[in-house]
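The values are calculated or read from the model by the stated rules, or taken from the named source; none is laboratory data. Remember, it's a predicted structure, so these values are computed and weren't measured experimentally. Every residue, glycine as well, gets a Cβ built from its backbone with ideal geometry; the counts of neighbours run over all protein chains shown. Just the protein is used for accessible areas: all its heavy atoms, side chains included, with ligands, DNA and RNA removed. Shrake-Rupley method; radii C 1.70, N 1.55, O 1.52, S 1.80 Å.
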Amino acid sequence: MKKASELIDQVFSTIDEKYADEKKFISLFSGWEGIVGTDIGAHSAIREIEGNTLLVEADHPSWAQIISLKNRDILKKINERYPELQIGRIRIIIS
């Protein structure tokens, strides 16, 4: 008979394997401000990932422009932290 702690470990390891991809997405979405900085992060958010395109929503055209100008640096940081997501493009919308 297995100990309760062994059973709990087994359940959580199964959950970790099953939802590993979702964790990567959640980590990217919640880590946006850490990637772009607090100023840009306060005025923008990731809305979704469509294939290899990251859809980012900015709250003003000037912030969309700043994100656009920093596009290469942002993509580099994302792909260093989340290479398995293979993000190749950022599309910006204004809310």
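When the residues of segment 75-84 are filtered to those that are more than 12 Å from residue 31 (Cβ to Cβ) and touching a residue at least 12 places away in the same chain (Cβ under 8 Å), the one that is least open to solvent (accessible area, probe 1.4 Å) is 75. Checked against the criterion of being open to solvent by less than 30 Å² (accessible area, probe 1.4 Å), out of contact with any helix residue (DSSP H, G or I) (no Cβ under 9 Å at 6 or more places or on another chain) and at pLDDT 90 or above, segment 17-32 contains not a single residue that satisfies it.
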